[in-house]
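The values are calculated or read from the model by the stated rules, or taken from the named source; none is laboratory data. For clarity, every value in this text was computed on a predicted model and none was experimentally measured. Cβ placement follows ideal geometry from the backbone for every residue including glycine, while neighbour counts extend to all protein chains displayed.
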Amino acid sequence: MDEHKLNVRLRLIIIKNGKLLVEYNSKKDFCFYVGGHLEYGETILEGCKREIEEECGEGTTFELKKVLYIRDFFDPDNGEQNVELFILGNINKFEELEHRLDPQHPEGHMWLTWLDIENLPDNLFPKPLTKKLLKDYKKGFPNAGEYVGRMDSK
């Protein structure tokens, strides 16, 4: 019998001073939203706080504003089904995060960067969600908890 796994992933949407915080992978030349997996026994808020501290360093605080989107993401190569929650929030850091290396990738090819929200690159994944995020940002994020379904990464 094939073993399949269901994961809940947290994707944190942090916008400060007209900039969006993302992680950049220099080996594959793409960006993605900061976050990770929700661990068993943790609430969504606890997971957001843990993930932001892991990504941005000790002493980083996270304020949850609202869940923006719920997305289905399938990874058949790994037998995984993922539910991703894109969560709008705020943190207490800004400049010091630019080019902060990801401690989970000590080889140094992944780091945090701030992107101009009005000029997001084509290599920010998932692309369809990024286009939606920009439109909703311009409207002040009027909706919450919007189910966007199975959205391809490209």
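For the structure I just gave you, tell me whether Asp77 is of a type in the set (Asp, Glu) and farther than 22 Å from Lys19 by Cα. Yes; evaluated as a whole, the condition is true for this residue. Annotation: Arg50 fulfils all but one of (1) within 24 Å of Lys127 (Cα to Cα); (2) surrounded by 15 or more Cβ atoms within 10 Å (Cβ to Cβ); (3) at pLDDT 95 or above; (4) not β-branched (Val, Ile, Thr); the unmet one is (1).
Being at pLDDT 95 or above and touching a Cys at 6+ places or on another chain (Cβ under 8 Å) is the filter here; which residues of region 124-154 pass it? Within region 124-154, just Leu124 meets the criteria.
Summed over region 108-154, residues that are more than 14 Å from the chain's Cα centre (by Cα), assigned to a strand (DSSP E or B) and among the hydroxyl-bearing types (Ser, Thr, Tyr) total 1. Tell me, yes or no, whether region 65-78 has at least one residue that is in contact with a Gly (Cβ under 6 Å, 6 or more places away or on another chain) and among the β-branched types (Val, Ile, Thr). Yes, region 65-78 contains at least one residue that is in contact with a Gly (Cβ under 6 Å, 6 or more places away or on another chain) and among the β-branched types (Val, Ile, Thr). Annotation: of all residues in region 25-47 being touching a His at 6+ places or on another chain (Cβ under 8 Å) and under 19 Å from Leu120 (Cα atoms), the one that is surrounded by the most Cβ atoms within 10 Å (Cβ to Cβ) is Asn25.
Can you say whether Lys49 is touching a helix residue (DSSP H, G or I) at 6+ places or on another chain (Cβ under 8 Å) and closer than 22 Å to Phe141 by Cβ, as far as the supplied structure shows? The answer is no for Lys49. Tell me which residues, restricted to region 117-154, are at negative phi and in contact with a strand residue (DSSP E or B) (Cβ under 6 Å, 6 or more places away or on another chain). Ile117, Asn123, Leu124, Phe125, Thr130, Ala144, Glu146, Tyr147, Val148, Arg150, Met151, Ser153 - these are the residues of region 117-154 that are at negative phi and in contact with a strand residue (DSSP E or B) (Cβ under 6 Å, 6 or more places away or on another chain). The single condition among (1) in contact (Cβ under 8 Å) with a residue 12 or more places away in the chain; (2) of a type outside the set (D, E, K, R); (3) over 22 Å from Thr130 (Cβ atoms) that Gly41 does not satisfy is (1).
Each row is one residue, and each column tells you yes or no for (1) part of a strand (DSSP E or B); (2) within 16 Å of the chain's Cα centre (by Cα).
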| site | (1), (2) |
| --- | --- |
| Lys28 | no, no |
| Gly35 | yes, yes |
| Glu46 | no, yes |
| Gly59 | no, no |
| Glu63 | yes, yes |
| Leu68 | yes, yes |
| Val83 | yes, yes |
| Asn90 | yes, yes |
| His105 | no, no |
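Restricting the search to region 88-146, which residues are in contact (Cβ under 8 Å) with a residue 40 or more places away in the chain and basic (Lys, Arg)?
Those that are in contact (Cβ under 8 Å) with a residue 40 or more places away in the chain and basic (Lys, Arg): Arg100, Lys132.
Residue check: is Glu42 closer than 23 Å to Ala144 by Cα and acidic (Asp, Glu)? Answer is yes for this residue.
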